[in-house]
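Please treat every number below as a calculation from the coordinates, not as lab data. Since this is a predicted model, take the numbers as computed values, not measurements. A quick note on method: Cβ atoms are made from the backbone with ideal geometry, for glycine too, and the neighbour counts reach across all protein chains shown.
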Amino acid sequence: MRLFFAVWPPAAAAAALHAWAEKAARAAGGRVTRADSIHLTVAFLGEVSEDAVIRAIQAGRRANAPSHFIPIETARYWPRNRIVWAGPQETPRPLRALFEGLKGNLLETGFELEPRPFSSHVTLIRRARAPRELPPLPRVEWPVRELLLVRSALSAQGSRYEVVERFPLAA
């Protein structure tokens, strides 16, 4: 099964980002991420065996970071991936701590992670072309109160996500 750790926005934040992406797609084309699929990936595990799920849950339980907010301050187009994304200008310290702690836990339990640096971004449009300009971002409240371990299933309609386990963050 295909697994990843992520943080999910509240429904109102996801709806606002989805509406923004619909407007941005007028200039960038591409496929807009469904509102219920909008998330920020903290660690991608890829295809794993059934027994690896238990190790992933153990690593998630040891993740230790405070609750915090993710500011959605900037939007960009990445030509290499052909995506339009939004996110903070700089990764908030608690989100960085969550990533670093989880990464250490995952490495200790035998997972191999992608070697690239952590990038706190939310993919909103895939298969996009370079837009001349993107619309202004909405004001979005994105509190992070839990980390999720998520199963991803690919289909012709895009990825479908199922929460495997929830890990509350410190208040």
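At an R0 of 22 angstrom, the distance between the Cβ atoms of residue 108 and residue 170 translates into a FRET efficiency of 0.60. Entry note, the chain: relative contact order of 35 percent, from Cα contacts under 8 Å with a spacing of 6+ residues. Restricting to DSSP loop positions (anything but H, G, I, E, B) with no more than 10 other Cβ atoms inside 10 Å of their own Cβ, which GluC sites (Glu not before Pro) remain in segment 93-171? Within segment 93-171, the qualifying GluC sites (Glu not before Pro) (loop, at most 10 other Cβ atoms within 10 Å) are 112, 133.
Dividing the convex hull volume of the alpha carbon atoms of segment 87-134 by its residue count gives 110 Å³ per residue.
Kirkwood analysis of segment 23-116, using all unique Cα-Cα pairs, places the hydrodynamic radius at 15.6 Å.
The share of alpha-carbon pairs in segment 2-56 lying farther apart than 17 Å comes to 52%. Remark: spin-label model distance residue 119-residue 22 equals 2.7 nm, labels positioned 7 Å along the Cα→Cβ axis. Each stretch of four or more DSSP H residues adds -39500 (n - 2.57); spread over every residue of the chain, this sum gives -9000 deg cm²/dmol at 222 nm. DSSP assigns beta bridges within the chain; of those with both partners inside it, close to 95 percent run antiparallel. Computed from Cα atoms, the angle from the helix 11-28 axis to the main principal axis of the chain rounds to 50 degrees.
Within the chain, the percentage of alpha carbon pairs spaced more than 25 angstrom apart rounds to 32%.
In segment 6-110, what trypsin sites (Lys or Arg not before Pro) fall in a loop by DSSP, with at most 11 other Cβ atoms inside 10 Å? Taking segment 6-110 and a limit of 11 other Cβ atoms within 10 Å, the loop trypsin sites (Lys or Arg not before Pro) found are 80.
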